[in-house]
Amino acid sequence: IVGAVDLLAMTDDITREVERLIRREIPLSPQGLILTATHTHSGFGAVARRVVEGFAAGEYDERVFRALTEHMARAAIAAYRGLAPAEIAWGEATAPEFITNRMIPNGFVDPAVPFLAIRRLDRTPVAYLVNFSAHPTVLKADNFLLSGDFPGAMARALEADGATALYTAGAVADQTAVAP
């Protein structure tokens with residue numbers, strides 16, 4: 001099971017709790033769950049239990065943590081229960097016009113956009129998994145609204161055909177997205 005959420009980071013506590021909730025209802029192998037955060041800088045916080053994590057994620061709120069982990073577990077269980085034979089395809093595009101090095105002018109950038117596409121045997125799209133190694137910081141520091149930033153916009157565009165889209169941030173390091 002693979003899941004992606006619009007958070008700055010995925011914590012061990014979130015992963016363990018989602019795994020625990022899933023295992024109450026369906027079998028899950030020890031390596032059967034991958035959770036990732038889009039790394040949006042415009043996501044909500046309050047879900048990091050450790051003090052150091054709280055510096056980036058804000059003060060912990062048990063109600064927010066429970067709501068998030070329960071929602072994630074329900075989505076994973078529903079996906080598991082909806083399993084059916086499928087085909088998988090993969091490829092890679094590039095998007096050099098949408099990425100820049102935020103530390104070194106004209107420095108190295110990774111424009112690769114590898115992806116997986118999954119569809120049912122009747123060719124109905126099921127899911128897309130897309131990776132782009134750029135900080136989701138199209139919305140700048142003066143934005144105080146919750147947003148999935150560009151990964152959210154990308155997911156909405158891909159989901160227009162009824163599939164589910166998952167975004168992984170990759171090795172963002174000094175890479176940042178550039179708005180068109």
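The values are calculated or read from the model by the stated rules, or taken from the named source; none is laboratory data. The model shown is predicted, which means the values in this text are computed figures rather than measured ones. All Cβ positions, glycine included, derive from the backbone under ideal geometry; neighbour counts span all protein chains shown. Heads up: the accessible areas ignore ligands, DNA and RNA and are worked out on the full protein's heavy atoms, side chains in. Shrake-Rupley method; radii C 1.70, N 1.55, O 1.52, S 1.80 Å.
Working only within segment 32-78, note down all residues that are open to solvent by 60 Å² or more (accessible area, probe 1.4 Å) and farther than 14 Å from LEU7 by Cβ.
Within segment 32-78, ILE34, ARG50, VAL51, VAL52, PHE55, GLU59, GLU62, ARG63, ARG66, GLU70, ARG74, ALA78 qualify.
Condition check: of a type in the set (A, V, I, L, M, F, W, C) and in contact with a Lys or Arg (Cβ under 9 Å, 6 or more places away or on another chain). Does ALA169 satisfy that?
no
Which condition does LEU68 not pass, out of (1) part of a helix (DSSP H, G or I); (2) more than 20 Å from TYR167 (Cβ to Cβ), if it passes all the others?
(2)
Please go through segment 60-70 and give me each residue that is at pLDDT below 95 and under 16 Å from the mean Cα position of the chain (by Cα), ordered by number.
LEU68
What are the residues in segment 111-126 that are part of a loop (DSSP other than H, G, I, E, B) and either open to solvent by less than 50 Å² (accessible area, probe 1.4 Å) or of a type in the set (Phe, Trp, Tyr) (or both), if any? Before you say what the answer is, go through the steps one by one.
Taking segment 111-126 first, the residues part of a loop (DSSP other than H, G, I, E, B) are 111, 121-124.
PRO111, the sole residue that qualifies.
Only one residue in THR94, THR137, THR100, THR168 is of a type in the set (Ser, Thr, Tyr) and free of Cβ contacts under 8 Å to residues at least 40 places away in the same chain. Which one?
THR94
Could we say that LEU8 is modelled with pLDDT under 95, open to solvent by 80 Å² or more (accessible area, probe 1.4 Å) and not in a helix (DSSP H, G or I) here?
Spelling it out, it is not the case that LEU8 is modelled with pLDDT under 95, open to solvent by 80 Å² or more (accessible area, probe 1.4 Å) and not in a helix (DSSP H, G or I).
Residues in segment 16-26: is at least one buried (at least 16 other Cβ atoms within 10 Å of the Cβ), more than 17 Å from the chain's Cα centre (by Cα), at pLDDT below 90 and closer than 30 Å to LEU121 by Cα?
no
Here's a check for you: in segment 142-162, which residue that is touching a residue at least 40 places away in the same chain (Cβ under 8 Å) and not in a helix (DSSP H, G or I) is farthest from VAL126 (Cα to Cα)?
Top of the filtered list is ASN143.
Pick from segment 127-180 the residues that are in contact with a Pro (Cβ under 6 Å, 6 or more places away or on another chain) and open to solvent by less than 60 Å² (accessible area, probe 1.4 Å): which of them is nearest to PRO111 (Cα to Cα)? Full working, then the answer.
Residues of segment 127-180 in contact with a Pro (Cβ under 6 Å, 6 or more places away or on another chain): 131, 136, 149-151, 161, 163, 167.
Okay, now just the ones that are also open to solvent by less than 60 Å² (accessible area, probe 1.4 Å), so 131, 136, 149-151, 163, 167.
Details: ASN131: 10, PRO136: 14, ASP149: 18, PHE150: 15, PRO151: 15, ALA163: 25, TYR167: 15 Å.
Residue satisfying both the conditions and the ranking: ASN131.
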